[in-house]
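Notes follow the structure.
The values are calculated or read from the model by the stated rules, or taken from the named source; none is laboratory data. This is a predicted model, so every value here is computed, not measured. Reconstructed Cβ throughout: ideal geometry from the backbone, glycine too, with neighbour counts over all protein chains shown.
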Amino acid sequence: MWNPHFHLPVIHDWMIYGLAMEAIAGISLVAITGLAIYRQVRGPRRIGRQSRFANSRHWHAYYIEAYIVGLLASIFVIRGFKVALDDFPFPVWVTPISHAVGAALPPSEAGLALVAAFKLIISWMFFLVLGLVMTMGIGWHRFTAPVNIYFKRNADGAPALGAAKPMMDKSGTKPLDFEEADPDEDPFGAGKIEDFTWKGLLDFTTCTECGRCQSQCPAWNTGKPLSPKKVVMDLREHAYEKAPYLLNGTTEETPDIHDDVLSLLGKPLVGTEEEGGVIHPDELWACTNCGACVEQCPVDIEHIDHIMDMRRYQVMIESSFPSEANTLLKNLENKGNPWGMSEDRRLDWISELDFEVPVVEDTLPEGTEYLFWVGCAGALEDRAKKTTKAIAELLHMAGVKFAVLGGMEACTGDPARRLGMEYVFQMLAQQNVETLNEAGATKIVASCPHCFNTLGNEYPQLGGHYDVVHHSQLLATLVDEGRLTPVQPVEENITYHDPCFLGRHNKVYTPPREIMAQVPGVKTQEMHRHKERGFCCGAGGARMWMEERIGKRINTERVDEALTTNPDTVSTACPFCQVMLGDAINEKKSAGEAKESLEVVDVSQLLLRSVKDGRPTTEEVEAEKA
Ligand code: SF4
Ligand code: SF4
């Protein structure tokens, strides 16, 4: 029998209960209504591709929002009817919304019964939602997100940033040894949805479709087809579609299999529309591995791991990747650097200095504090060589004993690994680990954030354990300790570009900024997207060696943003960023859109300009010679 005066035993008239219920329901109602309005105002219908909800399935979101609004509103209406019936134990100051609603309602027991029934139905809808969300995804994350966050790859930090996920053998416990690996037995990346690990499938099903990853993705923001959200959603839909057949044990060999099932089972994971692929190759190869998606995801989905798994299969099994990358791989395999230059060219920069730099022959010279890992760009690319020389000069001035490997240094393997060619990565990495261990290196300073990341975070996967710092960290410490003193004013407006593999992947945001702050006269201005939300230069993920044919160039987008700060100089701390931004600035200069004097410099070059010990710098000697 319906009793309109029913209430909870014991707590029904506790002030704290009345207040908590009012506050939670009130705040939730405002928040969920705000979200629905935001979805309208910032939805793709109004702002198109810029909307982070582009690609999301809207009716699912509105369905769940309507369910929550219905539930919360019915709480206030029931309370309102109780106020009207003078059967409500809380005063106005504790439950103002309920009293306001009650003032507008008649004292009707029938009305109260009706709304209570409605609330009951809405509550039962929860179970309906529960059933539906199994296939909807958008509500399902409430159950899977805590598990997904708990099982993220780097439990003590951001997931899937820093080291790339190593390739494991079929046991899943040992890194894959290419000497013994068997592509028919061991997983060579992901060529089918079932090749992803359980964590991958959990990632796909956990996506909330919030679009935060998409809104930060440099590829999506420059008009390319890649959206990390869409990749995750497409993989999820494909997994849901295929799962019943996989669970049934249906295979392409199963007798009386239907054509539609056959085509589903044979659907390529990566392929064009004509091939019926789940992920288009243009999506797969547009990723710069910048990590913005991983950093932004509220439920710790590890997009980069999945993109790399698909790349690994495409490169190592299908031999299908952008043709330009072929040259990169050949050069890495044959010459140990992406440009295919001979190894003795790695010492050219030293001859341009006016002091001796010790080069390791077998082991590090006595008393060496740091092995200076120069990197391929730092040794072979003209603009990056200036940074290398600036770092060497600064270390020399500060009295830091350092040595270089010269011709014994090979590419760390980062571009090969990020391209998906794990075999070449392992080959180069093993060679370097052997060299470093034989030389007795323990402390390394690296000028390239990609080398810094690979040496410090990935070489331990292959038995190379070193204390690795980035040059900006070491130089900031030397300034801090008074071993380098910037004195010459540099009267310039400078904006700093965060390299993704220094910032987002390794959380080194402060040292480069500290260096700039110590240089007298420098006025710094941050770009809108900086630090965790910094925008890639377009070079990572081996993109440096691929053509960028679709949409706006990522480096141009970044330079456009830099220009909004009206800089005299753009500073950075990565040779690849320096090259990419430099190229875009040169184009802007040719188009008359940037001042002729605008340049990109590494923070070490900036510091060198300010730190004078009475001698001309190498740059000045060069300028004089010219
Ligand atoms: S890593 Fe960067 S480029 Fe790749 S999908 Fe994520 S945000 Fe986009
Ligand atoms: S940020 Fe994470 S949860 Fe949000 S859409 Fe992207 S992958 Fe899904």
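If the condition is being in contact with a Ser or Thr (Cβ under 7 Å, 6 or more places away or on another chain), β-branched (Val, Ile, Thr) and more than 24 Å from ALA542 (Cβ to Cβ), then segment 383-428 contributes only ILE391. Considering the conditions (1) in the same structural domain as GLU366 (by TED's automatic domain parsing); (2) out of contact with any Cys (no Cβ under 8 Å at 6 or more places or on another chain), VAL490 is excluded by exactly one of them, (1).
Taking the condition in a helix (DSSP H, G or I) and buried (at least 20 other Cβ atoms within 10 Å of the Cβ), does GLN426 pass? Quick ask: steps written out before the conclusion?
Details: in a helix (DSSP H, G or I): yes; buried (at least 20 other Cβ atoms within 10 Å of the Cβ): yes.
Against the criterion (in a helix (DSSP H, G or I) and buried (at least 20 other Cβ atoms within 10 Å of the Cβ)), GLN426 qualifies.
So which residues in segment 352-387 are of a type in the set (Val, Ile, Thr), under 15 Å from GLY406 (Cα atoms) and buried (at least 24 other Cβ atoms within 10 Å of the Cβ), if there are any at all? Across segment 352-387, the qualifying residue is only VAL374. Among residues of segment 165-179 being in contact (Cβ under 8 Å) with a residue 24 or more places away in the chain and more than 24 Å from the chain's Cα centre (by Cα), the one that is farthest from THR454 (Cα to Cα) is GLY172. For segment 255-270, indicate whether the set of residues that are away from ligand 2 (no atom under 16 Å from the Cβ), among the hydroxyl-bearing types (Ser, Thr, Tyr), surrounded by fewer than 20 Cβ atoms within 10 Å (Cβ to Cβ) and in a helix (DSSP H, G or I) is non-empty. Yes: one or more hits. Look at segment 196-222: where a residue is at positive phi and part of a loop (DSSP other than H, G, I, E, B) and a partner is among the basic types (Lys, Arg) and within 16 Å of ligand 1 (Cβ to nearest atom), sitting 6+ places away or on another chain with Cβ atoms under 7 Å, you get GLU209/LYS229; GLY211/ARG52; GLY211/LYS229.
Can LYS242 be described as more than 16 Å from ligand 2 (Cβ to nearest atom), more than 27 Å from THR288 (Cβ to Cβ) and at pLDDT 90 or above? Spelling it out, LYS242 is indeed more than 16 Å from ligand 2 (Cβ to nearest atom), more than 27 Å from THR288 (Cβ to Cβ) and at pLDDT 90 or above. Taking the criterion of being small (Gly, Ala, Ser) and either closer than 19 Å to VAL601 by Cβ or surrounded by fewer than 16 Cβ atoms within 10 Å (Cβ to Cβ) (or both), the residues of segment 539-580 that qualify are ALA539, ALA562, SER571, ALA573. For VAL231, the requirement of being among the β-branched types (Val, Ile, Thr) and either touching a strand residue (DSSP E or B) at 6+ places or on another chain (Cβ under 9 Å) or within 16 Å of ligand 2 (Cβ to nearest atom) (or both) is met.
So for segment 204-213 (the condition being among the small types (Gly, Ala, Ser) and under 17 Å from THR144 (Cα atoms)), does at least one residue qualify? Among the residues of segment 204-213, not one is among the small types (Gly, Ala, Ser) and under 17 Å from THR144 (Cα atoms), which makes the answer no.
Counting just the residues of segment 204-239 that are of a type in the set (A, V, I, L, M, F, W, C) and near ligand 1 (Cβ under 9 Å from one of its atoms), which one comes out nearest to GLY48 (Cα to Cα)?
Step one: list which residues in segment 204-239 are of a type in the set (A, V, I, L, M, F, W, C), which gives 204, 207, 210, 213, 217, 219-220, 226, 231-233, 235, 239.
Retained after the next criterion (residues that are near ligand 1 (Cβ under 9 Å from one of its atoms)): 213, 217, 219-220, 226, 231.
On the way: CYS213: 16, CYS217: 16, ALA219: 16, TRP220: 12, LEU226: 15, VAL231: 19 Å.
Ranking the candidates gives TRP220 first.
Within the bounds of segment 462-475, is there any residue that is under 30 Å from the mean Cα position of the chain (by Cα), among the aromatic types (Phe, Trp, Tyr) and either outside the structural domain of LEU563 (by TED's automatic domain parsing) or assigned to a helix (DSSP H, G or I) (or both)? Taking every residue of segment 462-475 in turn, at least one turns out to be under 30 Å from the mean Cα position of the chain (by Cα), among the aromatic types (Phe, Trp, Tyr) and either outside the structural domain of LEU563 (by TED's automatic domain parsing) or assigned to a helix (DSSP H, G or I) (or both). Figure legend. Inter-residue proximity from segment 291-308: first residues free of Cβ contacts under 8 Å to residues at least 12 places away in the same chain, second residues more than 10 Å from ligand 2 (Cβ to nearest atom) and not hydroxyl-bearing (Ser, Thr, Tyr), beta-carbon distance below 6 Å, spacing 6+ or different chains. No pairs are indicated.
Tell me yes or no: at least one residue of segment 552-560 is in a helix (DSSP H, G or I) and on the phi > 0 side of the Ramachandran plot. No, because not a single residue in segment 552-560 is in a helix (DSSP H, G or I) and on the phi > 0 side of the Ramachandran plot.
For (1) within 16 Å of ligand 2 (Cβ to nearest atom); (2) at pLDDT 95 or above, each residue gets a yes or a no:
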| site | (1), (2) |
| --- | --- |
| THR205 | yes, no |
| CYS213 | yes, yes |
| GLN216 | yes, yes |
| ASN221 | yes, yes |
| HIS238 | yes, yes |
| LEU247 | no, no |
| GLU253 | no, no |
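Considering only segment 395-414, state which residues are closer than 18 Å to THR442 by Cα, part of a loop (DSSP other than H, G, I, E, B) and under 32 Å from the mean Cα position of the chain (by Cα).
Start the filter on segment 395-414 by keeping residues that are closer than 18 Å to THR442 by Cα, which leaves 395, 400-406, 408-410, 412.
Next cut, part of a loop (DSSP other than H, G, I, E, B) only: 400-401, 405, 409-410, 412.
Of everything in segment 395-414, those that are closer than 18 Å to THR442 by Cα, part of a loop (DSSP other than H, G, I, E, B) and under 32 Å from the mean Cα position of the chain (by Cα) turn out to be LEU405, GLU409, ALA410, THR412.
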